[in-house]
Amino acid sequence: MEIKPITEYTGKVVSLFHNNIDTDQIIPKVHLKRISKLGFGPFLFDEWRYLEDGSDNPDFALNQPEAQGASILITGENFGCGSSREHAAWALKDYGFQVIIAGSYSDIFYMNCTKNALLPIVLDKATRERLAQETELTINLPEQQIKTATDTFSFDIDETWKHKLVNGLDDIAITLQYASEITAYEQQH
C-alpha cells in the first residue's frame with residue numbers, strides 16, 4: 001500500500017456513532033487470512049454490513065445510498081479498541097477511508113492508522129455531531145483545521161505523526177533517509 005502525503009483532503013462524510021467499536025467489529029478474525037494489506041475493504045464491518053444470507057444490511061450506515069463513496073468516518077469514543085490487529089486500519093483504508101474522526105482511540109489502533117496513512121483526528125462529541133451534519137469536509141493537515149462550507153474547526157496532532165503524514169513517510173521511508181549513514185556503519189564493521 002503506497003503511502004501518499006496528506007496535506008489538504010476533501011471527502012464525503014459518513015457517521016457511525018457507536019462507542020467502543022473494537023477491531024473485531026471493524027474486521028472479523030475470519031477474514032485475516034490474506035498476506036497483503038489489500039483486499040480487506042469488502043469485509044469492513046462485515047457482521048454489521050451484511051445479513052446472514054450475504055446481502056447488504058439496509059439499516060447499516062455504510063450501505064445507505066448517501067454514504068457511497070464516503071472517505072471520512074465520524075464515530076464515537078474509544079474507536080479501534082480490542083486486539084492490536086493492524087488489519088483493522090488496512091480494512092478501513094482499503095474500503096476508501098482516508099480520515100477517521102472519533103472522540104478517542106485505543107493507543108495501538110491510533111498508531112496503526114498513522115503508520116498506514118489513515119489520519120485519526122480526535123474531537124469532542126458536540127463538534128463531531130456538528131460535522132456529521134455535513135456531506136463533505138475539507139481537512140487541512142498542515143494547518144490542523146477541518147473546514148465546512150461555513151465553519152472551521154481546529155484539531156491537535158502530535159508533530160511527529162503530522163510530519164510523517166504530511167510528507168508521506170512510513171517507518172521504512174524514514175529509515176531509508178539514513179541509508180548513507182547505515183552503509184558507512186556497515187562498512188566499518
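The values are calculated or read from the model by the stated rules, or taken from the named source; none is laboratory data. Since we're looking at a predicted model, the values are computed, not measured. In this analysis, Cβ positions are derived from the backbone assuming ideal geometry, glycine residues included, and neighbour counts consider all displayed protein chains. Heads up: the accessible areas ignore ligands, DNA and RNA and are worked out on the full protein's heavy atoms, side chains in. Shrake-Rupley method; radii C 1.70, N 1.55, O 1.52, S 1.80 Å.
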Part of a strand (DSSP E or B) and farther than 21 Å from ASN19 by Cα - does that describe any residue in the range 122-137?
yes
Tell me, which residue of the range 107-118 that is surrounded by fewer than 22 Cβ atoms within 10 Å (Cβ to Cβ) and touching a residue at least 40 places away in the same chain (Cβ under 8 Å) is farthest from THR138 (Cα to Cα)?
LYS115
In the range 42-67, which residues are assigned to a loop (DSSP other than H, G, I, E, B) and closer than 27 Å to GLU136 by Cβ?
LEU44, PHE45, ASN57, PRO58, ASP59, PHE60, GLN64
Of the residues LEU137, LEU165, only one is hydrophobic (A, V, I, L, M, F, W, C) and closer than 28 Å to GLY82 by Cα; which?
LEU165
Here are the criteria: (1) more than 21 Å from THR135 (Cβ to Cβ); (2) assigned to a loop (DSSP other than H, G, I, E, B). Tell me which single one ALA70 does not satisfy.
(1)
I need the full set of residues from the range 108-126 which are under 19 Å from GLU86 (Cβ atoms) and of a type in the set (D, E, K, R), in order please.
LYS115
Filter result for GLY80 (open to solvent by less than 50 Å² (accessible area, probe 1.4 Å), farther than 21 Å from PHE155 by Cα and at pLDDT 95 or above):
no
If you scan the range 16-41, which residues turn out to be free of Cβ contacts under 8 Å to residues at least 60 places away in the same chain and either assigned to a loop (DSSP other than H, G, I, E, B) or polar (S, T, N, Q) (or both)?
HIS18, GLN25, PRO28, LEU32, LYS33, ARG34, ILE35, SER36, LEU38, GLY39, PHE40
Matching entry among VAL30, VAL99, VAL13 (being over 30 Å from GLU143 (Cα atoms) and either open to solvent by 20 Å² or more (accessible area, probe 1.4 Å) or β-branched (Val, Ile, Thr) (or both))
VAL30
Somewhere in the range 159-178, is a residue of a type in the set (D, E, K, R), under 20 Å from LEU32 (Cα atoms) and not in a helix (DSSP H, G or I)?
no
Is it fair to say GLU129 is within 22 Å of GLY80 (Cα to Cα) and open to solvent by 80 Å² or more (accessible area, probe 1.4 Å)?
yes
